[in-house]
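Take a look at the structure below.
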Amino acid sequence: MNEVEFELSNTVMEIKMNVWTAHARKEIVLSAGAIGTPQLLMVSGVGPADHLRHHGIPVVADVPGVGQNLHDHPSIFGMTWTVRPGSSYRLSSLANPLYLKDYIFNGEGPLTSPFSLEGNAWSRAEEGDPNWPDLQYLFISGSPSMDYGLIINDLIGFRRDFFNTYYKSLFGKDTFSIGPMLTRPKSRGNVRLQSRNPHDPPLINPNFLSHPDDVRTFVRGIKFVLAVGNTSALREGFDATFHDMTLPGCEHHVYGSDDYWSCFVRHMAQTTYHPVGTCKMAPETDPGSVVDYRLRVRAVSGLRVVDGSIMPTIVAGNTNAPIIMIGEKAADMIKEDWATS
């Protein structure tokens, strides 16, 4: 069999670093995710030729689709309700030594409950196939304010001044959140190189909400979330009250109008860490195609991509299980191609 040689660092000759050369007698399987995989391909000379030449990278294969078609599930995590004390989680309640003792010695108490995302739901789509949902809802027994801004604020990425203005009145209160998430976003972004140095992080442009339909779908999701939060089961059973403070930056809109909620969306939407699509699987006739139906990189022999970057369109739900399935199917195809069992 022909030997395939793959040198990831052959384009960084001016950078002082250790150069390791890996050899494979059959093929290379690249599984660095929707961000890392296109970066590794491009610094190795596989990608849009003009972009590679701009960074002084020798072009091994001109594959324009590498790094394109980036999409994700944008979500809104900040829609919060207060509830009566003892109904939800607070930092002070989770840190209660009695709860810790009860968990360690008896396996009981509040710490036995999986904190974070307790529920998921999907609503029927209003356009196209109603059974192909365009919105998912994340029910969380807490809010960005539950830890007084110690950790969650930075994980979500709120500016500190915004967080203190919008959430400070919720400190110390029991809360829950319902976050709408777009399952079929129409907006597309890209991953590009910052430089030819593989140690430099790539430039990620998610391009969220660039398609106006995504904003409209989010507004519909917000209205559904508000209706759920206003049900008698939550209002009467838990004293649920929506945190209806006007969002900083949206004061010039009438509160509760579609324009207000559109402004809310543009301030609050963010990643759910489900990036896919940057090494799109598609027919050869598709100019954005990067891999074929057996996940082999076009115009390159002995190289296959196996991760979420190959999804041409994101799934209408969390990406973990589908990406595991991609790995399992790829393993079967590799064994078939090399006649192994």
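The values are calculated or read from the model by the stated rules, or taken from the named source; none is laboratory data. Since this is a predicted model, take the numbers as computed values, not measurements. Note: ideal-geometry Cβ built from the backbone for every residue, glycine included; neighbour counts use all protein chains shown. For the accessible areas, the whole protein counts, side chains as well, though only heavy atoms, and no ligand, DNA or RNA atoms are used. Shrake-Rupley method; radii C 1.70, N 1.55, O 1.52, S 1.80 Å.
Highest GNM mean-square fluctuation, the chain, Cα pairs closer than 10 Å: which of 151, 222, 28? Sorting by GNM fluctuation, first place goes to 151. For the set 101/168; 186/223; 223/280, the pairs lying more than 27 angstrom apart at their alpha carbons are 101/168; 223/280. Sorted largest first by accessible area at a 1.4 angstrom probe radius, with every protein chain in place, the residues 175, 231 fall in the order 231, 175. Among the listed options (i) 41, 31, 21; (ii) 50, 20, 18; (iii) 43, 23, 21, the one matching semi-axes √(5λ) of the Cα gyration tensor in Å as calculated from these coordinates is (iii).
Positive contributions from Lys and Arg (+1) and negative ones from Asp and Glu (-1), summed over other residues with Cβ under 11 Å from the Cβ of residue 313, come out at +4.
For the chain, the mean residue ellipticity at 222 nm estimated from helices alone is -8500 deg cm²/dmol, where every DSSP H run of n ≥ 4 contributes -39500 (n - 2.57) and the total is divided by all residues, rounded to the nearest 500.
Under a Cβ-Cβ cut-off of 12 Å, what is the net charge of the residues other than residue 85 that fall near it, where Lys and Arg count +1 and Asp and Glu count -1?
For residues surrounding residue 85, the net value is +1.
When cysteine pairs in the chain are screened for C-beta atoms closer than 4.7 angstrom, the residues that find no partner are 279. Between segment 302-341 and segment 243-264, what is the separation of their alpha carbon centroids in Å? Taking the Cα centre of segment 243-264 as reference, the centre of segment 302-341 is 43 Å away. Here the Gaussian network model covers the chain, with springs between Cα atoms less than 10 Å apart; of 281, 325, 42, 325 fluctuates the most.
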